[in-house]
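Here is the structure we will look at, set down as structure tokens.
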Amino acid sequence: MKTNKFDCVEMKHVGAEKIQEQIAKMTREQEIMFWKERSQLLKEHQKIIQKQHNKLAA
């Protein structure tokens with residue numbers, strides 16, 4: 001029997017710490033730009049995933 005040692009809460013905390021390190025020394029304006037850019041990248045990634053999903057479903 002295979003046991004999974006994956007802890008999603010730990011993964012979330014590690015991710016939050018990495019982002020905090022990235023934005024810690026940013027000004028408010030820089031942080032706003034950071035989140036705008038990251039949001040745009042996420043939207044583009046979601047479009048790619050949706051296109052792939054649609055191709056597989058067809």
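Quick look at the values:
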{"read-out": "Qualifying residue in segment 36-43 (condition: part of a helix (DSSP H, G or I) and touching a helix residue (DSSP H, G or I) at 6+ places or on another chain (Cβ under 8 Å))", "value": "no"}
{"read-out": "Scope segment 1-35; condition hydrophobic (A, V, I, L, M, F, W, C) and not in a helix (DSSP H, G or I); matching residues", "value": "Met1, Phe6, Ala24, Met26"}
{"read-out": "Any hit, segment 20-38, residues being over 19 Å from the mean Cα position of the chain (by Cα) and among the polar types (S, T, N, Q)", "value": "yes"}
{"read-out": "Number of the condition not met by Lys55 [criteria: (1) loosely packed, with under 10 Cβ neighbours inside 10 Å; (2) at pLDDT 95 or above]", "value": "(2)"}
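The values are calculated or read from the model by the stated rules, or taken from the named source; none is laboratory data. These numbers come from a predicted model, not from an experiment. Heads up, the Cβs are rebuilt from the backbone with ideal geometry, glycines too, and the neighbour counts pull from every protein chain shown.
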